[in-house]
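As structure tokens, the structure follows; a few thoughts come after it.
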Amino acid sequence: MVDLAKTYDVLVVGGGNAALCAAITAREKGASVLILEHAPKPFRGGNSRHTRNLRCMHTEPTEVLTEAYLEEEYWDDLMRVTNGVTDERLARMAIRGSNGVGRWMEARGVRFQPSLGGTLNLSRTNAFFLGGGKALVNAYYATAERLGVEVLYETEVLDLEIDKGVFQWATVSCQGGEPVKVRAKTVVAASGGFQANLEWLKEYWGEAADNFIIRGTPYNKGRMLRNLLDKGATPVGDPRQCHAVAIDARAPQFDGGIVTRLDCVPFSIVVDKNAQRFYDEGEDFWPKRYAIWGRLVAQQPDQIAYAIIDSKAVTLFMPSVFPAVQADSIGELAAKLGLDTQALENTVAQYNAAVRPGNFDNSILDNCATEGLTPPKTHWARRIDEAPYYAYPLRPGITFTYLGVKVDEQARVVMEGGKPAKNIFATGEIMAGNVLGKGYLAGLGMTIGTVFGRIAGEEAAKNANH
Ligand SMILES: Cc1cc2nc3c(=O)[nH]c(=O)nc-3n(C[C@H](O)[C@H](O)[C@H](O)COP(=O)(O)OP(=O)(O)OC[C@H]3O[C@@H](n4cnc5c(N)ncnc54)[C@H](O)[C@@H]3O)c2cc1C
């Protein structure tokens, strides 16, 4: 029974993977723990409930992971995507902490399955959750409740009172009611990024942000992040950096999840609202390119684009949950999309004329390319000439932002002047920018939240019981 008059050992802000890993760990170390989750119970679990896997270092094959994935290869992969914009100590902690973490997760109710087939081939590096992130979150809540972790839903943390780097109390609103104080000896901020706060995104993206679709929870508005930064936490990460993919433009503005992602770009030509191409759709394998297309679409007029394919390509990728727009001619397709008919016909005709003969093979960087076309399509270029024709509208889909708070090896928030806060910890998206300064490695979001969640929970419990 939640008792807001008592002083908890550990107050956890947020109710996703990072929060749950921290809460369970702290409780197992003997601390009294209260989770405050802004979302109502059916929507608990933040972005974590949309996930499918986490990236794990492993030295030999496991039941669900093939071969081995060693620290140095993991580190090299991270260096490649971040171009070195990472904190090596914390990154290596995340990598090493992922070694064997599956067993810890299984002991707390999470179940795994072998990798799903599909466009992103991750069977060696990423462990897939049976039932997806929703099942993971439900399993962790069941474990947390069995252990005696207390949870309040529909409870937003409005403010943390911090005096000289020491957390005193949180001001919270339950079900939109009058603000009340909740006291605790320590606090763990696990409240995600600020991607659901369109006004904040506009500070960096301008009006374009109105056309962004937020793939995950509407509750990650960055209120705690802003609060901590205002109260002297050291920022980390570039506010413009985020994980953004191209998703089906018909997706809801929030919480559409994984089923709105579109993997058809390498087999298509992508045009803007003027029916003009703007980037090489076949530059590299999709797993290496999918995360740049959100940003590319964001840079086009009105932040809209259209992937155009023909019947040869329609079975080659995982479709979105929405059916493709279909037509018997390019002109009819243009009309259905609201594009200038002549312009789209010209673009397709120019592209078709530039396609050189080659051997199409979507499992390799094949020799199907255009010649004399700007921008070129350097692989998987085949003429778009077999009706029916199909199109998917694309918008930037923001997964999560990278601006966060700096933490140390104990997951303590580092304050101005470089001194760690005494009793304030952070884990998950709110500190992911320490490791992910730029770019993205599939499955790393859940790895960071799990590894640093466990560290934050343990350190907070230790700190509270001093
Ligand atoms: C569609 C989609 C698919 C993804 N797939 C993967 C994947 O397969 N693998 C992977 O590693 N990553 C994936 N990610 C990224 C991953 O979801 C995140 O990195 C990870 O879930 C972050 O966990 P978290 O606990 O920090 O945040 P979240 O799970 O988002 O939890 C944040 C919580 O804080 C709560 N909250 C926010 N503000 C407040 C407040 N002021 N008061 C109280 N509560 C508050 C929210 O309600 C929410 O419960 C995906 C993301 C999306 C959107």
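What follows is calculated from the coordinates using simple rules that are stated; it is not laboratory data. A quick note: this is a predicted structure, and the numbers were derived from the prediction, not measured. Here the Cβ positions follow ideal geometry from the backbone for every residue, glycine too, while neighbour counts run over all protein chains shown.
Residues with beta-carbon under 12 Å from that of LYS438, excluding LYS438: net charge, scoring Lys, Arg +1 and Asp, Glu -1?
+2
Sequence gap at least 6, Cα distance under 8 Å: using those rules, report the relative contact order of the chain to the nearest whole percent.
23 percent
Any idea how far the Cα center of the range 52-111 sits from the one of the range 1-51, in Å?
After rounding, the separation between the Cα centres reads 24 Å.
Compute the distance from the alpha-carbon center of the range 358-376 to that of the range 227-260, in whole Å.
Using only Cα atoms to place each centre, the spacing works out to 33 Å.
For a Förster distance of 30 Å, can you work out the FRET efficiency between the beta-carbons of HIS466 and ARG92, rounded to the nearest 0.05?
0.60
Separation between the VAL180 and GLU71 pseudo-spin-labels, each 7 Å from Cα along Cα→Cβ, expressed in nm?
The answer from the label model is 4.7 nm.
Quick one: net charge around LEU65, please, counting Lys, Arg +1 and Asp, Glu -1 for every other residue with C-beta under 12 Å from its C-beta.
-1
Excluding LEU373 itself, what net charge comes from residues whose Cβ is under 13 Å from its Cβ, given Lys and Arg +1 and Asp and Glu -1?
Net charge in that neighbourhood comes out at +1.
Please provide three numbers in whole Å: the alpha-carbon extents of the range 386-466 along the principal axes, with the largest listed first.
Extents along the principal axes: 71, 25, 15 Å.
Report the one residue of VAL137, THR171, PHE278 whose Cα lies farthest in the direction of the positive end of the charge dipole of the chain (charges on C-beta: Lys and Arg +1, Asp and Glu -1; origin at the Cα centre).
Farthest towards the positive end: THR171.
Can you list which of the GluC sites (Glu not before Pro) found in the range 99-191 are DSSP loop residues with at most 10 other C-beta atoms within 10 Å?
Taking the range 99-191 and a limit of 10 other Cβ atoms within 10 Å, no loop GluC sites (Glu not before Pro) are found.
Restricting attention to the range 336-400, which trypsin sites (Lys or Arg not before Pro) occupy a DSSP loop and are surrounded by at most 16 other Cβ atoms within 10 Å?
Taking the range 336-400 and a limit of 16 other Cβ atoms within 10 Å, the loop trypsin sites (Lys or Arg not before Pro) found are ARG383.
Report, ordered by chain and residue number, the aspartates and glutamates lying within cross-link reach of LYS406, taken as a straight Cα distance under 17 Å and ignoring same-chain residues fewer than 8 apart.
Hits, sequence-local ones excluded: ASP87, GLU88, ASP230, ASP238, GLU416, GLU429, GLU459.
Give LYS29/LYS202; LYS41/LYS438; LYS134/LYS288; LYS181/LYS419; LYS336/LYS377 a once-over and call out the pairs whose C-alpha atoms are over 31 Å from each other.
In this structure, LYS29/LYS202; LYS41/LYS438 lie more than 31 Å apart at Cα.
Which residues among the range 338-362 fall inside the zone where the amide N is under 16 Å from a point 7 Å beyond the Cα of GLN326, along Cα→Cβ?
Of the residues in the range 338-362, none has backbone N under 16 Å from the label point off GLN326.
Just to be sure I understand the model, the point goes 7 Å from the Cα along the line to the Cβ. What's the resulting SER311 to PHE360 distance in nm?
1.3 nm
Just flag the GluC sites (Glu not before Pro) in the range 1-77 sitting in loop per DSSP whose Cβ has no more than 15 other Cβ atoms within 10 Å.
The qualifying sites are GLU63, GLU67.
Could you work out [θ]222 nm for the chain from helices alone, using -39500 (n - 2.57) per DSSP H run of at least four and dividing by all its residues? Round to the nearest 500 deg cm²/dmol.
-8000 deg cm²/dmol
Using the Kirkwood formula on the Cα atoms of the chain, what hydrodynamic radius do you get, in angstrom to one decimal?
Answer for the chain: a Kirkwood hydrodynamic radius of 23.1 Å.
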